[in-house]
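Novice: Quick one: the structure is below, questions incoming.
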Amino acid sequence: MDNFEPKILALCCHYCAYAAADLAGSMRLQYPANVRVLRLPCTGKVDPSYIMTAFEMGIDGVLVAGCLEGGCHFQEGNLRAKKRVGLVRDMLEEAGIEKDRLEMFNLSSAEGPRFAEIVGIMTERIKKLGPSPLRRKLEVSV
Amino acid sequence: MIVASRKNIKDLKEMLAQHKRILVLGCGTCVTVCLAGGEREVGMISSALRIAYKLDEEEHQIDELTIERQCENEFFEDAIEAVQSVDAVLSLACGAGVQATAERFPNTPVYAGLDTKFIGILQEQGIWTEKCAACGECVLGEYGGVCPITRCSKSLLNGPCGGAKNGKCEVSPDQDCGWQLIYDRLKAIGQLDRLEEIFSPHDWSKSHEGGCRKIVREDQRIVTKV
Ligand code: SF4
Ligand code: SF4
């Protein structure tokens, strides 16, 4: 399991996490290459089905990264995303996937280093959990 | 509307375990509005079931479909093909819709994917509350539009019971005292004098207590045979 490199989907809000990821790049910060970033206009755009589908396809972890609470470009999209993430965590657990494989984070567009840190935290966590139990069954790489 | 909530994925998985091909069938009316059994929930529950079965290394095919309404026969037209190609249907409709589906497809096992809770309203975003127990003989007019049967925990027609504290019911402090609501409402509309009246017991034979109910409207029936 030592050489396990998780595949993590990062659902990033255009106004904060995505810009922060960009900034992390400009700052030449190193962070684990395990994430696949998907840009959304707001984390309020995150439909639970996006996350469920990603897990169904065998992803090891999903992080949803939105603006700081109170700082959403669309007022409360991030607060809604937080609650939806809670619902999906419950459903994943009921289906047999550890809920900690899914987490919501908040950061601002100026926080390039924080983005790198979040990716690090999530990568470490998923490494500890090991590959998605579904990926092990599917034996496919996503 | 009829308000329902989803069952646990683990329970659904066990309930359907004997079937290899399953159609998760949503309903586009009440349960779509109360966010329990519409197209989106069909997608999520199907996804969760696929994950759960794959984890057990069990081969199950989970199809998805949502029709306009499961409690009316004519809407099943769109579902015939999909139902015929599966071994079982998991209906995400209310209890009435599940039974209508079973009646329409007499040879297909049909299971309930939701727990049907009550007739109610969207009180505020994310909160649904019960308002009517379908008693069969509505008395709302006598009580200022607040249902004593549904809103009072003891269904008192001549309340209150005297146990309310700060407007909350003695049965559960989370619940408003129905009789406080009736009083406030009658006061607001200038009909407090209604409280002078003593109401006779409700005719429960018109409720579900009188057996499974049916309404026949001759004016609406289409006579096909003379
Ligand atoms: S009196 Fe009967 S029909 Fe009227 S709201 Fe109450 S339970 Fe429903
Ligand atoms: S406290 Fe109010 S709602 Fe509760 S049982 Fe008594 S009268 Fe009914």
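Novice: Counting only residues that are touching a residue at least 40 places away in the same chain (Cβ under 8 Å), over 20 Å from A:V119 (Cα atoms) and not aliphatic (A, V, I, L, M), how many does the range A:48-71 have?
Specialist: Here the count works out to 3.
Novice: If a residue must be under 26 Å from the mean Cα position of the chain (by Cα) and under 17 Å from B:E142 (Cα atoms), how many such residues does the range B:168-203 contain? Give the derivation first.
Specialist: Within the range B:168-203, the first condition is being under 26 Å from the mean Cα position of the chain (by Cα), and the residues that meet it are B:168-169, B:171-179, B:181-182, B:202-203.
After this cut, where a residue has to be under 17 Å from B:E142 (Cα atoms) as well, the list is B:178-179, B:181-182, B:202-203.
Number satisfying all stated conditions: 6.
Novice: Return the residue satisfying two criteria in turn: it lies in the range A:97-107 and is within 14 Å of chain B (Cβ to nearest Cβ) and in contact with an Asp or Glu (Cβ under 8 Å, 6 or more places away or on another chain), and of such residues it is least open to solvent (accessible area, probe 1.4 Å).
Specialist: Applying the first criterion (within 14 Å of chain B (Cβ to nearest Cβ)) to the range A:97-107 yields A:97-99, A:101-102.
After this cut, where a residue has to be in contact with an Asp or Glu (Cβ under 8 Å, 6 or more places away or on another chain) as well, the list is A:99, A:101.
On the way: A:K99: 54, A:R101: 0 Å².
Out of the qualifying residues, it is A:R101.
Novice: Here's something else I'd like to know. A:A110 versus (1) under 26 Å from B:M15 (Cα atoms); (2) open to solvent by 60 Å² or more (accessible area, probe 1.4 Å); (3) not basic (K, R): which is the lone unmet condition?
Specialist: With respect to (1) under 26 Å from B:M15 (Cα atoms); (2) open to solvent by 60 Å² or more (accessible area, probe 1.4 Å); (3) not basic (K, R), A:A110 is out only on (1).
Novice: Further, regarding this structure: Considering only residues that are without any contact (Cβ under 8 Å) to a residue 40 or more places away in the chain, among the acidic types (D, E) and either in a helix (DSSP H, G or I) or open to solvent by 80 Å² or more (accessible area, probe 1.4 Å) (or both), which ones fall in the range B:176-213?
Specialist: Those that are without any contact (Cβ under 8 Å) to a residue 40 or more places away in the chain, among the acidic types (D, E) and either in a helix (DSSP H, G or I) or open to solvent by 80 Å² or more (accessible area, probe 1.4 Å) (or both): B:D184, B:D193, B:E196, B:E209.
Novice: Can you work out which of the residues in the range B:129-160 that are open to solvent by 70 Å² or more (accessible area, probe 1.4 Å) and away from ligand 1 (no atom under 13 Å from the Cβ) is farthest from the other protein chains (Cβ to nearest Cβ)?
Specialist: Across the range B:129-160, the extreme among qualifying residues is B:N158.
Novice: Every residue in the range A:64-96 that is assigned to a helix (DSSP H, G or I), among the small types (G, A, S) and either touching a Pro at 6+ places or on another chain (Cβ under 6 Å) or away from every other protein chain (no Cβ under 13 Å) (or both), please.
Specialist: A:G77, A:A81, listed by residue number.
Novice: I would also like to ask the following. Any chance the range A:42-63 includes a residue that's touching an Asp or Glu at 6+ places or on another chain (Cβ under 6 Å) and more than 14 Å from chain B (Cβ to nearest Cβ)?
Specialist: Kept after step one, since they are touching an Asp or Glu at 6+ places or on another chain (Cβ under 6 Å), are these residues of the range A:42-63: A:63.
Adding the requirement that they be more than 14 Å from chain B (Cβ to nearest Cβ) leaves A:63.
Scanning the range A:42-63 turns up at least one residue that is touching an Asp or Glu at 6+ places or on another chain (Cβ under 6 Å) and more than 14 Å from chain B (Cβ to nearest Cβ).
Novice: Can you pull out every residue in the range B:38-77 that is farther than 22 Å from A:G58 by Cβ, of a type outside the set (S, T, N, Q) and assigned to a strand (DSSP E or B)?
Specialist: B:L65, B:I67
Novice: Separate question: If you go through the range B:146-163, how many residues are out of contact with any helix residue (DSSP H, G or I) (no Cβ under 6 Å at 6 or more places or on another chain) and small (G, A, S)?
Specialist: 3
Novice: In addition: Residue pairs, Cβ under 8 Å, 6 or more apart or interchain, first in the range B:1-28 and away from chain A (no Cβ under 12 Å) and more than 17 Å from B:T101 (Cα to Cα), second at pLDDT below 95 and open to solvent by 50 Å² or more (accessible area, probe 1.4 Å). List them.
Specialist: Between residues of the range B:1-28 that are away from chain A (no Cβ under 12 Å) and more than 17 Å from B:T101 (Cα to Cα) and residues that are at pLDDT below 95 and open to solvent by 50 Å² or more (accessible area, probe 1.4 Å), the close pairs are B:A17/B:E58; B:K20/B:E59.
The rows are residues; the columns are (1) open to solvent by less than 30 Å² (accessible area, probe 1.4 Å); (2) hydrophobic (A, V, I, L, M, F, W, C); (3) farther than 22 Å from A:A54 by Cβ; (4) away from chain A (no Cβ under 14 Å).
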| position | (1), (2), (3), (4) |
| --- | --- |
| B:R40 | no, no, no, no |
| B:D63 | no, no, no, yes |
| B:E74 | no, no, yes, yes |
| B:L90 | yes, yes, yes, yes |
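The values are calculated or read from the model by the stated rules, or taken from the named source; none is laboratory data. Because the structure is predicted, anything quoted here is derived from the model rather than measured. Don't worry about glycine lacking a Cβ; one is built from the backbone with ideal geometry, like all the others, and counts go over all protein chains shown. Note: accessible area is taken over every heavy atom of the protein model, side chains too, but ligands, DNA and RNA are not part of it. Shrake-Rupley method; radii C 1.70, N 1.55, O 1.52, S 1.80 Å.
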